[in-house]
Amino acid sequence: MTVNNDSDRTSPTGSSKAWGGRFADVPDARLEAFNASVAFDVRMIREDIRGSIAHARMLGACGIIAPDEATTLERGLWQVLDEYDRGEFALTIADEDVHTGVERRLREITGTVAGKLHTGRSRNDQVANDHRFWARRQLVLVADGLVAFGEALLTLAEQYPEAIMPGYTHLQRAQPVLVAHHLQAYVEMLLRDLERVRQAWKRTNVLVLGSSALAGTSYPIDREMVAQDLGYEGITMNSLDGVSDRDFVLDALYACSLIGMHISRLSEEIILWSSGEFRFLELADRFSTGSSIMPQKKNADIAELGRGKSGRLYGNLMAMLTIAKGLPLAYNKDMQEDKEGLQDSFDTILALLDVFPPMMQSARFNVDVMAAAAVADFTLATDAADVLAKQGVPFREAHQVIGSLVARCIAEGITFADLSDEQWADIHPVFAEERPPVDVWTSVSSRNIIGGTAPDQVEATRAGQHVALLEARYWVVDRLRVDNQLFERNA
């Protein structure tokens, strides 16, 4: 079955809109400006063109249009893509959106046969396809950045295998931990982020084309052919859901928000550690800024921005949740608002993942300062209580004994290291046989369980993290290879 659609696009009113035939008047200029989406649609123009190429091929293969017409459309679309890449073609406000802009230029190249390209599809499924097609690549780029960030943190951890710092609860010194253990906690967060991004990619990588406006199409199209052509791993099974689903946008926004939250937490610690009150960390000059009035200042502005940008990421997520919460099936113009927030979140995350890895790799820890802080404020009190508990003293009783000892030492201005053997024995008979550790290395080494801060465990965890990041790297490389091949002329 072939269709004949050689009529001119212009309506009796003079409107060149794809929907102009219904209307007795041309659109008001203010409506055009308010309604237009070309300013952000343009970022999906390559995906829009490539999706149309797959659609044209399928129309020809299924006999819906003549094979020579399909060939003409494909060649014309490749030309539009080339012209765009060379800066010779641009969208205008009058185009309204990327779809009609591309079709306008295609018509200028191929003539009225361009009017057959839209057979069997709607802008509703077309824009959903464009958005998924574009978003899935952005998710892969985010995954690439997460891998690089994780590798940077592991590289930094490997430079300080024996460095010890205080671990904190309530921002008060709690127990000593390895610096590497602390850094690798953030790698665990990044690995979870990678998992979320890949899950979001899987749910995004589904073909919507064929859903048409909302009910599907009466033309005998081949959706499997289009899915294979565009590298999709699945096909939507309900046309109403296909054109109205924006879960994939929310998945991506949520993933970006959590990445931003994790970066914000690290940023807060970088800001604290590099302050004069801590002096744990020294950022490289090339990743620091100064003050226009105070000559001595060295500010961790990247970290401060990293902390601040989480707010806009959350805002984009909340905005999209609010947009989607009251929409009836199927497509609504509200959905046009799904793009700018997602584009901003991707831009923000990719910028963060571009600057944080080199900043962290070039940072230097002040090992001696951290070591001194690691033993201060009775961070070994839990170890002392554990000595009693391991000899049969109920832990709650042991906790009370050591808590009282801490209070006494504070009152006398001494530390555990200042207590003699006799004084320890007076505190509890168990200590006559075994004194609690007074050095942080003994404390750290005793946490020799899976996930603990003992050196062997930290090294084993790091090895597993390297493997996980390497596997993710292979996934990224493979996905980018497939995506890049889609834009080769013989694809």
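Here are some notes:
- Check on Ile53, under 23 Å from Ser218 (Cα atoms), in a loop (DSSP other than H, G, I, E, B) and not charged (D, E, K, R): no
- Members of segment 437-451 found to be part of a loop (DSSP other than H, G, I, E, B), modelled with pLDDT of 95 or more and surrounded by 18 or more Cβ atoms within 10 Å (Cβ to Cβ), listed by number: Arg447
- Of all residues in segment 119-132, none are farther than 28 Å from Ile221 by Cβ, part of a helix (DSSP H, G or I) and either modelled with pLDDT of 95 or more or not assigned by TED's automatic domain parsing to the domain that holds Phe356 (or both).
- Residues of segment 202-225 classified as closer than 12 Å to Ala54 by Cβ and more than 28 Å from the chain's Cα centre (by Cα), total: 6
- Selection status of Thr348, in contact (Cβ under 8 Å) with a residue 40 or more places away in the chain, of a type in the set (Val, Ile, Thr) and under 30 Å from Asp125 (Cβ atoms): yes
- Within this structure, Val406 fails the test of being in contact with a His (Cβ under 8 Å, 6 or more places away or on another chain) and either exposed (fewer than 12 other Cβ atoms within 10 Å of the Cβ) or touching a residue at least 12 places away in the same chain (Cβ under 8 Å) (or both).
- Taken over segment 453-488, residues that are in contact with a strand residue (DSSP E or B) (Cβ under 9 Å, 6 or more places away or on another chain) and outside any helix (DSSP H, G or I) amount to 2.
- Taking the conditions (1) out of contact with any Gly (no Cβ under 7 Å at 6 or more places or on another chain); (2) part of a helix (DSSP H, G or I); (3) in contact (Cβ under 8 Å) with a residue 12 or more places away in the chain; (4) not assigned by TED's automatic domain parsing to the domain that holds Asp241 in turn, Ile109 satisfies each one other than (1).
- For Thr289, the conditions (1) surrounded by fewer than 15 Cβ atoms within 10 Å (Cβ to Cβ); (2) closer than 22 Å to Pro166 by Cα; (3) among the β-branched types (Val, Ile, Thr) are fulfilled apart from (2).
- Residue in segment 423-430 that is of a type in the set (D, E, K, R) and loosely packed, with under 15 Cβ neighbours inside 10 Å present: yes
- Total residues in segment 309-353, condition surrounded by fewer than 17 Cβ atoms within 10 Å (Cβ to Cβ), within 12 Å of the chain's Cα centre (by Cα) and not aliphatic (A, V, I, L, M): 1
- Tally of residues being more than 30 Å from Met359 (Cα to Cα), of a type in the set (Phe, Trp, Tyr) and part of a loop (DSSP other than H, G, I, E, B) across segment 231-286: 1
- Of the residues contained in segment 469-488, none is found to be small (Gly, Ala, Ser), under 30 Å from Val177 (Cα atoms), modelled with pLDDT of 95 or more and touching a Pro at 6+ places or on another chain (Cβ under 9 Å).
- Which numbered condition Tyr331 misses (of (1) in contact with a strand residue (DSSP E or B) (Cβ under 7 Å, 6 or more places away or on another chain); (2) assigned to a loop (DSSP other than H, G, I, E, B)): (1)
- Of all residues in segment 105-133 being of a type in the set (S, T, N, Q) and under 28 Å from the mean Cα position of the chain (by Cα), the one that is surrounded by the most Cβ atoms within 10 Å (Cβ to Cβ): Asn129
- Condition check for Tyr314: outside any helix (DSSP H, G or I), over 25 Å from Leu154 (Cα atoms) and among the hydroxyl-bearing types (Ser, Thr, Tyr): no
- One residue alone among Ala491, Ala460, Ala398, Ala454 is at pLDDT below 95 and not assigned by TED's automatic domain parsing to the domain that holds Arg136, and that residue is Ala491.
- When segment 63-92 is limited to residues that are of a type in the set (A, V, I, L, M, F, W, C), in a helix (DSSP H, G or I) and under 26 Å from Val38 (Cα atoms), the one that is farthest from the chain's Cα centre (by Cα) turns out to be Leu73.
- For segment 75-93, residues that are touching a residue at least 60 places away in the same chain (Cβ under 8 Å) and more than 20 Å from Glu488 (Cβ to Cβ) total 1.
- Taking the conditions (1) farther than 20 Å from Leu380 by Cα; (2) of a type in the set (S, T, N, Q); (3) touching a helix residue (DSSP H, G or I) at 6+ places or on another chain (Cβ under 9 Å) in turn, Thr453 satisfies each one other than (1).
- Candidates Ala468, Ala460, Ala417, filtered to the one that is surrounded by 13 or more Cβ atoms within 10 Å (Cβ to Cβ) and touching a residue at least 12 places away in the same chain (Cβ under 8 Å): Ala468
- Restricting attention to segment 287-308, the residues that are over 23 Å from the mean Cα position of the chain (by Cα) and either in a loop (DSSP other than H, G, I, E, B) or within 30 Å of Tyr254 (Cβ to Cβ) (or both) total 10.
- Selection count where residues are in contact (Cβ under 8 Å) with a residue 12 or more places away in the chain and not hydroxyl-bearing (Ser, Thr, Tyr), scope segment 279-304: 15
- Among the candidates Ala18, Ala33, Ala94, residue that is surrounded by fewer than 19 Cβ atoms within 10 Å (Cβ to Cβ), closer than 27 Å to Ala227 by Cβ and modelled with pLDDT under 95: Ala18
The values are calculated or read from the model by the stated rules, or taken from the named source; none is laboratory data. Keep in mind that this is a model prediction, so the values were computed, not measured. Don't worry about glycine lacking a Cβ; one is built from the backbone with ideal geometry, like all the others, and counts go over all protein chains shown.
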